[in-house]
Structures are given as C-alpha cells and as structure tokens.
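Before I ask anything, let me first share the structure, which is written out below as structure tokens.
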Amino acid sequence: MSANDNDSSSQDFATLAVRAGQLRSEFGEHSEALYLTSSFVFRSAEEAAERFRNPESGNVYTRFTNPTVNMFQQRLAALEGSECCLATGSGMAAILATVMGLLKAGDEIVSSKRVFGSVLPLFNQIMARFGVTTRWVLSADPTAWQAAVSPKTRLLFVETPSNPTLQIYDIAALSAIAKKAGAWLAVDNCVCSPALQRPIEFSADLVIHSATKFLDGQGRVLGGAICGKRELLMDGGIYNFIRTAGPVLSPFNAWVLLKGLETLAIRMAAHSAHAARIAVWLADQKGVTRVFYPGLTGHAKHDLAMKQQSGSGAPLVAFELAGGRDAAFRFINATRTVSITGNMGDAKTTIIHPATTTHGRLAQAERDEVGVTEGLIRLSIGLESPADVEADLARGFKAL
Ligand SMILES: *Cc1c(COP(=O)(O)O)cnc(C)c1O
C-alpha cells in the first residue's frame, strides 16, 4: 500500500477534500478501499514482534490503527490545517477522549455553558467522579473567561457557533487566555465544519468534531475526530486513551465519512447560501420575535462571525415564535417536507423544538440561561430547493 502521488501541500480546500490522505493498495483501486478487518497478518514471528514493539511500523489491530480510518484522519487533518487527527466512534467519544487523555484528578476545565447537551452531564457528572471539575461560563465576553481561569485550569472548551442559539465566541481571544494560563483551547467545530471555519488558523490547540453531522452530511453514520498537533495527540495521552479504552471509529463508518468529505466543499457552500436566504425570509414573517443567524447584519456578533467563518456562516437557523410552546408545536406539526428530528448537518432540512427535546434534560432555569425558550425552533438547513423549504415553513406560519 502506498500514498497516492498527489501533492497536498499547496492545494485548495476542495481538492484536499477529494484527494488528501488516499492510500492505494497493489490493486490500484480508484475509490478508497474499505478495510473491514479487525486484525492484520504478519509475514513472520519477527515481523509480529516488531509491529507490537513499534506501532508506527504497520497495522496490528483495528483498535490501534486501520488503513481506512487512517485515510479519513489524514483527509480531515488536511482540511483543518492540523498536523494530526485521531478518529473516534462518535463526537461525544472525541470529547471524552480529549478530557480523559489530557486531564487528571485536580485539573479544571473552563467550558462554555452553550455546548452540545450531552457535554454538560459528561463534565458535571462523569468527569467530576474522577476529580476533574468544570467552571461554566455563560458569557461570550473573553473577560468572563479570564475571570473563570484558575491555576488548576488545563482546558478551555468552546463550541462556536453554538447550537441552537448561534452565539459566537472569539477563538483568538480565548486561545490567548488559554496560552497565558498554560492550558489548551479545544473548539467544537461541528456546526461549521472546516469548509466554513478552521479554528487552528485562530490558534486553537484542538479541533473537535462530531463527524455525524456535516462531515457525513447525509445522516448515515456516527463518528468523531480530534485534530491538533501531533505531539499533543500522540504523546499527550489522547491516542493512548483511544487505543487502550477503545472508543474507535469503525472502518465502515470511516469509509462512509471519506465519501462524505469528497463533497464537503460544495455541500457547505449550498447549505450556507440556502440558510442565509431562509434566515432573511424568516425575519420578515409575522409572529417571529427573533431570528438567530450570525450571517444577518443585525446579529450582535456579525463582524466576529464573518471574521471567523467564510460564506454566510453555519447553516443552522433558529427563530423564536411569540406564542411559546403551543405556537412552536403547531408550527412544527403543520410542516410536511422538513423532517422533525434532532439531528443536524443533513442533506434533508430538519426542524426541532430544543426546549422539549435536545435540551429537555436541562432544568428550566438552565434553559433560560442559555436562551432555549419555549418559543424557540431550530432548523438545520439542507440541500433542497430553498423555495420549497420556505413554502413548507409557510404552512407553519399559516397554522399559527
Ligand atoms: C452532535 C454533536 C456532538 C456529539 O456528537 P455525536 O456524534 O452525536 O456523539 C457534539 N457537539 C456538537 C456541536 C454536536 O452537534
């Protein structure tokens, strides 16, 4: 097996998304091969001994390395502009591997409170049992983050833009705070994908993905990834945690994700353009009290969003209806085309009422804090004709 001849170093994003990281076997397959195998055969006892002694010398077992998973890791690393990437079985496994790999009892995390719903119990309940405590920051103002840092802080964790209310955090400012504190900054980049935002360009140490979302792009498989410096991932404890504890990405899912990455650039351009159009349309509708979309010039963090993201930004749009939960349910129930589902980052537009679903495990006071109100509806804009999505959403407005 050998890497193909492609010279990745100077190529554009769209080219890297199609070609970076491909390994080709002696059969010369054009599409990436799916190595659906748990272990690898050695030519001799000596070779087996050498592989076990030095895992970089070749494949041993798919919990350690697998060529299809490697191709996905190399391609995503090229897209994020990172030295290295490690894949995991889901986005939550990537977050778990990061904290289990890097932190120890007594360390503290400073985390945004506007993060994916499962991050709160992971840090508050599970990591707390191992002596890792978390200070939660609600504000996007860097001075609030600075105030939360203590001598025990080892990791700053942020999701930007945040889901579902699309708050924007200043990656470069948080990175400076982390550096000064001797901590790492991890950015969950799942809402934008590297097609729209590359946190390493703003000095983030780690970029975390739920590959389940836009990287797959068609709602098929779960996957996750951590991108960053080789030293931090390979020697810092994250790789050791993954290969020992086993939250690995399946080769089949890696293969599906490789195919997903090939279309990432054109998909994200279309998702983003459709979202921009639908956000403007929503802002004009009766019964809408607020539209959450950083691509709109009226958004409080519009300038920062446009500095950090390309195009018109992430394809999530949230909006608030005056009539609270009752109006939100009537609206959602009147739609026919868009899918009522909690997932996002799909070719199919999805609609959900966060307060009773994705954020339903939070207490009312916590939901109020992060802006998940009873009238809030979240859309993940897909690849259908935006006119047809608007026509479907118009059914919702008619039902109010
Ligand atoms: C979905 C999601 C996750 C978790 O990913 P899974 O693949 O479902 O484990 C983490 N962060 C964000 C922003 C997400 O949307």
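The values are calculated or read from the model by the stated rules, or taken from the named source; none is laboratory data. Fair warning: this is a prediction, and the values are worked out from it, not measured in the lab. Counting neighbours? That spans all protein chains shown, and the Cβs are built from the backbone with ideal geometry, glycine included. For the accessible areas, the whole protein counts, side chains as well, though only heavy atoms, and no ligand, DNA or RNA atoms are used. Shrake-Rupley method; radii C 1.70, N 1.55, O 1.52, S 1.80 Å.
Scan the range 34-54 for residues that are open to solvent by less than 50 Å² (accessible area, probe 1.4 Å), in a helix (DSSP H, G or I) and not acidic (Asp, Glu) and jot them down.
If the condition is that a residue be open to solvent by less than 50 Å² (accessible area, probe 1.4 Å), in a helix (DSSP H, G or I) and not acidic (Asp, Glu), then Ala48, Arg51 are the ones that fit.
Ok, one more. Looking only at the range 115-146, which residues are away from the ligand (no atom under 14 Å from the Cβ), crowded, with 18+ Cβ neighbours inside 10 Å and either modelled with pLDDT under 95 or in a loop (DSSP other than H, G, I, E, B) (or both)?
Val132, Ala140
Still on this model: Select from the range 229-255 the residues that are in a helix (DSSP H, G or I), crowded, with 23+ Cβ neighbours inside 10 Å and among the hydrophobic types (A, V, I, L, M, F, W, C) and list them in ascending order.
Of everything in the range 229-255, those that are in a helix (DSSP H, G or I), crowded, with 23+ Cβ neighbours inside 10 Å and among the hydrophobic types (A, V, I, L, M, F, W, C) turn out to be Leu233, Ile238, Ile242, Ala254.
Continuing with the same structure: So Thr263 ticks every box in (1) within 12 Å of the ligand (Cβ to nearest atom); (2) in contact (Cβ under 8 Å) with a residue 40 or more places away in the chain but one. Which box is left unticked?
For Thr263, the exception is condition (1).
In the range 321-356, how many residues are of a type outside the set (Val, Ile, Thr), under 24 Å from the mean Cα position of the chain (by Cα) and closer than 14 Å to Gly375 by Cα?
3
Right, another one. What are the residues in the range 343-363 that are touching a helix residue (DSSP H, G or I) at 6+ places or on another chain (Cβ under 9 Å) and either surrounded by fewer than 17 Cβ atoms within 10 Å (Cβ to Cβ) or over 20 Å from Gln218 (Cβ atoms) (or both), if any?
Listed by number, the residues that qualify are Ala347, His353, Pro354, Ala355, Thr356, His359, Gly360, Arg361, Leu362.
Restricting to the range 91-104, give me the number of residues that are open to solvent by less than 30 Å² (accessible area, probe 1.4 Å) and within 14 Å of the ligand (Cβ to nearest atom).
Going through the range 91-104 one residue at a time, the tally reaches 7.
Could you figure out which of (1) at positive phi; (2) within 16 Å of the ligand (Cβ to nearest atom) isn't true of Gln197?
Here Gln197 clears every test but (1).
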